[in-house]
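Okay, structure first, notes after.
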Amino acid sequence: MGTGPEQRFLVSQRLRISYWDWGNAAAPPLVLVHGGRDHSRSWDRLAEAFREEYHVVAPDLRGHGDSDWSPGGNYGLPDNALDVVRVIESVGSPARVVAHSYGGSVCLVAAGAFPEHFSRLAAMEGTHSLNPLDNETVGPGWVRRWGDRLRSFETQQPRIYPDLASAAERMKEANQRLPDEILPGLAGYAAKPVDGGYIWKYDLWVNGRTSMELRRSELLVFWEAISCPVLLLTGGDSPQRRRQHATPEQHFRDSRTVNIAGAGHWLHHDQPETVIQELRSFLR
């Protein structure tokens, strides 16, 4: 099983979704879901560690990697959740799922709405929320604020990097813990060529979400509806740790939280061996 993964595509809500398949189709499915402004190949090292035990696949979320951009800018949790469910249906349900950051938030919603498709779910720092506050009533004022923010993306232009080395350098600035040896691969898949250099593949509009996004308190109802075991991983040195839900275990039927010492927000890059060890025990 030393060959690289194969890229495949499926259609979800009329969008073409890209995913990478590490083979071993007769084994139980393991779906890896990346976070916001990231991509599927961010999971390469973890996928290699599990490919002999599981049928590992990793999708690009809509608006990321090689997946289609949503024409109307629909990047809400429910939209992404349906895409993840479609991936699971295509490779085999129920599936074990590992998800990071925004991908974790997406999968917690998906597992609450479609619990039959999840046999186990590990979420790395996925209990935080950028969703609207509960005191923000949906009405003319809310829709106007959302609309003004969304329309501001129409005039934004992506930053152009002169070469892939510069793009990799920017990744290193964002996460000093990233090992130098994986930077070329991460940047190579995250960027695409344009006149004058390279830009990130992800759609700038992914930050716009949707006018009817779930409120923060509503997320808890989804968590409480999850029927499979849940593993919550946090980074001991993560600046995002303080934004995670303070007591998530109260809202899951069967959950455990593990703090990974020496890891920032990208736990699977910062402490890969420890993360793999924890996941291997949980997924079995």
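The values are calculated or read from the model by the stated rules, or taken from the named source; none is laboratory data. Model, not experiment: these values are computed from the prediction. Cβ placement follows ideal geometry from the backbone for every residue including glycine, while neighbour counts extend to all protein chains displayed.
Worth a mention:
- Residue within region 117-137 that is closer than 19 Å to Q13 by Cβ and in contact (Cβ under 8 Å) with a residue 24 or more places away in the chain present: yes
- For region 81-92, the count of residues that are among the aliphatic types (A, V, I, L, M), in contact (Cβ under 8 Å) with a residue 60 or more places away in the chain and in contact with a helix residue (DSSP H, G or I) (Cβ under 7 Å, 6 or more places away or on another chain) is zero.
- Selection within region 32-41 - of a type outside the set (K, R) and either part of a loop (DSSP other than H, G, I, E, B) or more than 21 Å from Y189 (Cα to Cα) (or both): H34, G35, G36, D38, H39
- Taken together, A81, A110 contain a single residue that is surrounded by fewer than 24 Cβ atoms within 10 Å (Cβ to Cβ), hydrophobic (A, V, I, L, M, F, W, C) and at pLDDT 95 or above, which is A81.
- Region 116-164, subset β-branched (V, I, T) and over 30 Å from I88 (Cα atoms), residue nearest to the chain's Cα centre (by Cα): I160
- Total residues in region 11-58, condition of a type in the set (A, V, I, L, M) and touching a Phe, Trp or Tyr at 6+ places or on another chain (Cβ under 7 Å): 8
- Those residues of region 124-142 which are surrounded by 14 or more Cβ atoms within 10 Å (Cβ to Cβ) and more than 30 Å from A263 (Cβ to Cβ), in sequence order: E136, W142
- Look at (1) among the polar types (S, T, N, Q); (2) buried (at least 17 other Cβ atoms within 10 Å of the Cβ); (3) more than 24 Å from L133 (Cα to Cα) and you find that S238 fails only one, number (3).
- From A111, A99, residue being of a type in the set (A, V, I, L, M, F, W, C) and not in a helix (DSSP H, G or I): A99
- Matching entry among L10, L30, L61 (being modelled with pLDDT of 95 or more, in contact with a helix residue (DSSP H, G or I) (Cβ under 8 Å, 6 or more places away or on another chain) and surrounded by fewer than 20 Cβ atoms within 10 Å (Cβ to Cβ)): L10
- Residues being closer than 26 Å to L178 by Cα and among the hydroxyl-bearing types (S, T, Y) are entirely absent from region 78-96.
- Selection over region 1-31 of residues that are in a loop (DSSP other than H, G, I, E, B) and touching a strand residue (DSSP E or B) at 6+ places or on another chain (Cβ under 6 Å) gives a count of 5.
- From W69, W43, W22, residue being at pLDDT 95 or above and more than 25 Å from D270 (Cβ to Cβ): W69
- Among the helices (runs of 4 or more DSSP H) confined to region 208-284, the ones with at least 2 residues that are out of contact with any strand residue (DSSP E or B) (no Cβ under 7 Å at 6 or more places or on another chain) and without any contact (Cβ under 8 Å) to a residue 12 or more places away in the chain are located at 272-283.
- Taken together, the residues in region 143-201 that are surrounded by fewer than 15 Cβ atoms within 10 Å (Cβ to Cβ), in contact (Cβ under 8 Å) with a residue 40 or more places away in the chain and under 13 Å from D38 (Cα atoms) amount to 2.
- Breaking point among (1) touching a Ser or Thr at 6+ places or on another chain (Cβ under 7 Å); (2) modelled with pLDDT under 95, for R242: (1)
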